[in-house]
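The values are calculated or read from the model by the stated rules, or taken from the named source; none is laboratory data. Owing to the predicted nature of the structure, the values given are computational and were not obtained by experimental measurement. Ideal geometry is used to build each Cβ from the backbone, glycine not excepted, and the neighbour counts take in all protein chains shown. Keep in mind that these areas ignore ligands, DNA and RNA; they rest on the heavy atoms of the full protein, side chains included. Shrake-Rupley method; radii C 1.70, N 1.55, O 1.52, S 1.80 Å.
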Amino acid sequence: MAPDDEAAGDTEFTVVCPYCGEDQTIYLEPDVQGTLVMDCEVCCRPWQVHVTRDESYRYVDVARGDGTD
């Protein structure tokens, strides 16, 4: 997902939990890239958060952290 709006820069992202389906806003420091693990604030299950960047934006993809699809 791309940033929520210009005011938030590229630190605030809305993602959907791959387990419970709830929309959530996560905050990532501007220099964060790669893969990290975060827990859902609703169901507490682990996510793998993949952060990539192109010339203009950062993108965040969230997948199940337990290895299941």
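Annotations for the structure displayed:
- Checklist (1) farther than 17 Å from Thr14 by Cα; (2) touching a strand residue (DSSP E or B) at 6+ places or on another chain (Cβ under 9 Å); (3) open to solvent by 70 Å² or more (accessible area, probe 1.4 Å) applied to Tyr27, failing item: (1)
- Pick from segment 27-55, criterion farther than 20 Å from Cys17 by Cβ and of a type in the set (Asp, Glu), ranking: nearest to the chain's Cα centre (by Cα): Glu29
- Of all residues making up segment 43-60, the number that are open to solvent by 90 Å² or more (accessible area, probe 1.4 Å) and in contact (Cβ under 8 Å) with a residue 12 or more places away in the chain: 3
- Hey, Glu6 modelled with pLDDT under 95 and either open to solvent by 70 Å² or more (accessible area, probe 1.4 Å) or not β-branched (Val, Ile, Thr) (or both) or not: yes
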